[in-house]
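Worksheet for the structure shown next.
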Amino acid sequence: MPDQDPFITVFRSADRSAERDASDTRERLAKAGIDAVLVGDDAPGVVEGSWEVRVLEADRARAEVIVAAAPQPEEDEEEVTPQGQSHDLDFVAIFKSQGIEAEMEAISIQSVLEANGIPCTVVGSAQIPSLPFEVRVPKSRLEEASSLLEEARETGPAAADSEGA
């Protein structure tokens with residue numbers, strides 16, 4: 001006689017908060033009168049690092065409705081990734097262009113930003129002209145970099161010439 005588990009998984013998570021989320025889900029189901037079990041990765045068939053909530057087949061449809069209606073956790077603005085890095089350190093494009101002068105303009109923008117202490121990187125390849133050039137800055141410095149570039153565009157090359165004289 002095959003050993004069949006009479007329970008069906010209605011919730012699974014491998015997030016940092018997986019155990020808490022699964023426990024909360026189990027409590028919501030219990031309040032609705034549905035018997036549910038909480039299963040961790042020490043149980044057979046559960047993916048390492050994840051938590052599951054299982055119910056009897058007869059309760060499956062009702063449980064899935066309750067799980068689907070659960071409020072989604074609000075994302076923190078300063079959410080920290082599992083590696084301990086803030087999303088504010090992610091690089092975002094501040095300049096993107098394609099064409100004959102794209103590389104030169106990207107390098108000029110990089111020079112202005114680095115001269116003002118804003119870290120940046122240029123992405124692109126002169127060997128593959130169909131790909132654009134981009135200048136990327138940390139997300140947390142995007143506003144500052146944008147203001148700096150706008151000021152540089154307004155003052156133009158005349159300001160650079162007068163400073164060098």
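What follows draws every value from the coordinates through simple rules; no lab data is involved. Worth saying up front: this structure is predicted, and the values here are computed from it rather than measured. For neighbour counting, all protein chains shown are included, and Cβ atoms are generated from backbone atoms with ideal geometry for every residue, glycine included.
For F11, the residues 5 or more places off, or on other chains, whose built amide H falls under 5 Å of its own are V53. Working from label points 7 Å from Cα in the Cα-to-Cβ sense, the E101 to E64 distance is 5.9 nm. The D90 and I128 beta-carbon pair, evaluated with R₀ = 30 Å, returns a calculated FRET efficiency of approximately 0.80.
Taking amide hydrogens as placed 1.01 Å from N in the peptide plane, the amide H of D41 sits under 5 Å from those of G49, S50, each at least 5 positions away in sequence or on another chain. From the square roots a ≥ b ≥ c of the eigenvalues of the alpha-carbon gyration tensor of region 87-164, which class results: rounded (a/c under 1.5), prolate (a/b over b/c), or oblate? Oblate, since a/c reaches 1.5 and b/c is not below a/b. The label-point distance for E19 and V47, in a model that sets each label 7 Å from Cα toward Cβ, rounds to 1.9 nm.
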